[in-house]
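Just below is one structure, and these are the notes that go with it.
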Amino acid sequence: MTRLLAIGLFAIFAFQVAAVAAPEKLSNPALEARAVALQKQFRCLVCQGESLDESNAPLAADLRRLIRERIAAGDTDDDVRRYLVARYGQFILMKPPVEGATYLLWFAPLLAVIIGAGLVTAVAYRARRRLLEEPAEPQT
């Protein structure tokens, strides 16, 4: 009985591994080049500062496999992009599009520089005005 149970568990495990195992690389070099180019366009959702191509996170490996599966199934690059954005949102894109929802993301650094330059100018102007308004102390 235990031998039968062990064989059954081994069979289930073997089928799970076979079902999960997808090719790490596509056999067609053109399709593999498309997959690598796409991987560089998407952000790792775990690391967030790395693309899927750079990340070693298990989720990134799953997403790389998913990209290859979709390309092998005949999806275009735009189909893969739309699928991942629909599933994970604009955040997955390394370069999100410039649109109403992402204006702050794109223009916040420029706005911060402008505000910082304005503050530095105002402080310098006030300091200069104080120096000019203060009477000179007599020297003894």
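For the stretch 74-112, which residues satisfy the criterion of being within 25 Å of Leu31 (Cα to Cα), of a type in the set (Ser, Thr, Tyr) and surrounded by fewer than 13 Cβ atoms within 10 Å (Cβ to Cβ)?
Thr76
Of all residues in the stretch 45-62, which are more than 18 Å from Asp77 (Cα to Cα) and assigned to a loop (DSSP other than H, G, I, E, B)?
Residues satisfying the conditions are Leu45, Val46, Cys47, Gln48, Gly49, Glu50, Glu54, Ser55, Asn56, Ala57.
If you check Ala60 against the conditions, is it under 21 Å from Leu26 (Cα atoms) and either surrounded by fewer than 16 Cβ atoms within 10 Å (Cβ to Cβ) or aromatic (Phe, Trp, Tyr) (or both)?
No; evaluated as a whole, the condition is false for this residue.
Residue check: is Arg65 surrounded by 15 or more Cβ atoms within 10 Å (Cβ to Cβ), modelled with pLDDT of 90 or more and within 15 Å of the chain's Cα centre (by Cα)?
No, not satisfied.
The values are calculated or read from the model by the stated rules, or taken from the named source; none is laboratory data. Everything numeric in this text was worked out from a predicted model, so none of it was measured. Note: ideal-geometry Cβ built from the backbone for every residue, glycine included; neighbour counts use all protein chains shown.
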